[in-house]
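Colleague: Here you go, one structure.
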Amino acid sequence: MRALARRYPGYGWDSNVGYGTPEHCRALAALGVTQHHRRTFAPVRIALAGGTLEPELPFATEGAD
């Protein structure tokens, strides 16, 4: 994973060792999926489908202060 971190900076592979940290999920959205990402990992499937990796709130926040 550390070698991949040097080759693909920004995914946090040097510190998260491939686990789905918030940093890594943001990188998937910003940088895309590499050939080294497991297609069975839910955040990767979501990124490949063009979906959002941020959970949506189940209620409207309009007008909330």
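Colleague: Report the FRET efficiency, 1/(1 + (r/R0)^6), for Thr40 and Asp14, where r is their Cβ-Cβ distance and R0 is 22 Å, rounded to 0.05. Let's see the in-between values first.
Modeller: Numbers: r = 23 Å, r/R0 = 1.03.
My answer for the efficiency is 0.45.
Colleague: Per residue of segment 25-38, what does 6.51 cos²θ - 1.76 cosθ + 1.60 with θ = phi - 60° give for ³J(HN,Hα)? Whole Hz please, x for Gly and Pro, Karplus curve as stated.
Modeller: 5, 5, 5, 4, 5, 7, 9, x, 9, 9, 5, 8, 6, 6
Colleague: So between Ala3 and Thr52, what do we pick up on full extension, going 0.36 nm a residue minus the alpha carbon distance? Walk me through the numbers on the way to the answer.
Modeller: Values: separation 49, 0.36 × 49 = 17.64 nm, distance 2.79 nm.
That pair, Ala3 and Thr52, stretches by 14.9 nm at full extension.
We did not get these values from a lab; they are worked out from the coordinates using the rules stated. Nothing here was measured: the structure is a model prediction, and the numbers come from that model. Glycine also receives a Cβ, built like all others from the backbone with ideal geometry; neighbour counts cover every protein chain displayed.
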